[in-house]
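First comes the structure, then the notes that go with it.
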Amino acid sequence: MDLLKLKEDLEQNMLGRGVLKAASVLYGLGAKFNLAAYENGWKSSKSVNSRVVCIGNITAGGTGKTTAVLLAATTLAKEGVRVAIVSRGYKRQQKSDGPVVLFDNPDADWRLAGDEPFMMSRVLSQYKVPVVISEDRAEAATEALRRFKSQIILLDDGFQHHRLNRDANVVLVDAKNPFGNKELLPYGVLREPLSALKRASLVVLTHCDQVSRRQLEDAKDVIREHNDCVEILESVHEPEYYFDICRSKKVDLKDIKGPAVCFSALGHPETFEATLEKLGLELKQKWRFPDHQFYTEDHLRTFEDTRAGLPIITTFKDFVKFPDNWREILTQDVYVLSVNLKILGGEAEMDKFTDVLYPKFSKIKNAK
């Protein structure tokens, strides 16, 4: 069932909106009870002998969380900090008996890990950053500490996960649509009431280049209503290069211009498409799939048969879900856009980000 389509249909009439609002009330009660269960000791949290920092969000989808995790991991790893990423592996296709560890294993199957953790492990392989996947994040963190002696564990998308204790929470907020209609799922986009922002150690506004200064200040005002002392950073998603997957080589952004086609399965595909257009591409065809969609041979043949000789552009998250024999179908001019998160405001603002991640980081960096 396409839940997004069902929601859109329900929003078209008063009765449907009433059903969504009622579901939001039930969802909110469940979220409050779950948090209260941990706060009052009815459920037990677990601590590990390592610094744990959560990088998550308060809304559903599309905030740029994965790029923030990658920025955090690469920044720390480059300075020799032993960092590991822990994830639940959302919508992975296969389950395992214990934690799945992605580390120096090129033959690993993304279906066991989930598309985003698998993509992160590939991007971070040069930095030797392990990614550990389990629905029990406390178990995954324990495994990361046991195997890799991690000095810091980055908890991917765990702001609403309370079983693993953490030292800090970095919350990502999409400046384009910070809080939707300020209603909880499924009537709105909030995973928790806005009061949950009081748990944030740092807030990072993303996609700041796509909104006005007034919109940014309005979003900050809402955040400060619920957490008046939290630091708020601004960021943008910055394209780095295209990666030619057929020839396994990087391609400069300026080298691909004009007509092209694209496809993606993202929380907000329009952001990806707008980026391509800003880079000088004229998109003749845009395929959009539900977030976390995996691809079949039929999908790839449709792309190949329809593109009329034009370049195909997609994302790393989509590329890792290609079927094993993709090279037999897509033989040339297929590119992945590499994008990173950039904290605006120079080194001083970036230092605020790293200080929350790892307070010892500035000393390590300055000692070199």
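If you check Leu155 against the conditions, is it under 22 Å from Ser45 (Cβ atoms), assigned by TED's automatic domain parsing to the domain that holds Pro117, at pLDDT 95 or above and among the aliphatic types (A, V, I, L, M)? Steps first, answer last, please.
Details: under 22 Å from Ser45 (Cβ atoms): yes; assigned by TED's automatic domain parsing to the domain that holds Pro117: yes; at pLDDT 95 or above: yes; among the aliphatic types (A, V, I, L, M): yes.
Criteria met by Leu155.
Scanning the stretch 205-250 for residues that are part of a loop (DSSP other than H, G, I, E, B) and small (Gly, Ala, Ser), which turns out modelled with the lowest pLDDT?
Here is the first cut: in the stretch 205-250, the residues part of a loop (DSSP other than H, G, I, E, B) are 207, 211-212, 227-230, 245-248.
Now restrict to residues that are small (Gly, Ala, Ser): 212, 248.
On the way: Ser212: 98, Ser248: 92.
It comes out as Ser248.
Checked against the criteria, Thr59 counts as among the β-branched types (Val, Ile, Thr), over 21 Å from Tyr358 (Cβ atoms), touching a residue at least 24 places away in the same chain (Cβ under 8 Å) and out of contact with any Ser or Thr (no Cβ under 6 Å at 6 or more places or on another chain).
When residues in the stretch 122-137 are screened for being in contact with a Pro (Cβ under 8 Å, 6 or more places away or on another chain) and buried (at least 24 other Cβ atoms within 10 Å of the Cβ), 3 of them pass.
The C-beta contact set for the stretch 338-363 (first residue farther than 30 Å from Leu276 by Cα, second residue among the acidic types (Asp, Glu) and not in a strand (DSSP E or B), distance under 8 angstrom, 6+ apart or interchain) comprises Phe361/Glu79; Phe361/Asp355; Ser362/Asp351; Ser362/Asp355. The set of residues in the stretch 224-240 being under 22 Å from the mean Cα position of the chain (by Cα) and crowded, with 17+ Cβ neighbours inside 10 Å consists of Val230, Ile232, Leu233, Glu234, Ser235, Val236, His237. Total residues in the stretch 62-83 satisfying the condition of being under 13 Å from Leu357 (Cβ atoms) and not charged (D, E, K, R): the figure is 12.
Applying the selection to the stretch 181-223, what residues are within 18 Å of the chain's Cα centre (by Cα) and either within 23 Å of Asn340 (Cβ to Cβ) or of a type in the set (Gly, Ala, Ser) (or both)? Passing the criteria: Ala200, Leu202, Val203, Val204, Leu205, Thr206, His207, Cys208. Note on the stretch 264-368: enclosed helices (runs of 4 or more DSSP H) holding 2 or more residues that are under 24 Å from Tyr241 (Cβ atoms), more than 23 Å from the chain's Cα centre (by Cα) and outside the structural domain of Val81 (by TED's automatic domain parsing) are 297-306.
Scanning the stretch 137-193 for residues being on the phi < 0 side of the Ramachandran plot and in a loop (DSSP other than H, G, I, E, B) gives a total of 26.
Applying the selection to the stretch 37-46, what residues are part of a helix (DSSP H, G or I) and surrounded by 13 or more Cβ atoms within 10 Å (Cβ to Cβ)?
Residues of the stretch 37-46 part of a helix (DSSP H, G or I): 37-39.
Answer for the stretch 37-46, where residues must be part of a helix (DSSP H, G or I) and surrounded by 13 or more Cβ atoms within 10 Å (Cβ to Cβ): Ala37, Tyr38.
The values are calculated or read from the model by the stated rules, or taken from the named source; none is laboratory data. Just so we're clear, the structure is a prediction, and the values are computed from it rather than from any experiment. Cβ coordinates were reconstructed from backbone atoms using ideal geometry, including for glycine residues, and neighbour counts include every protein chain displayed.
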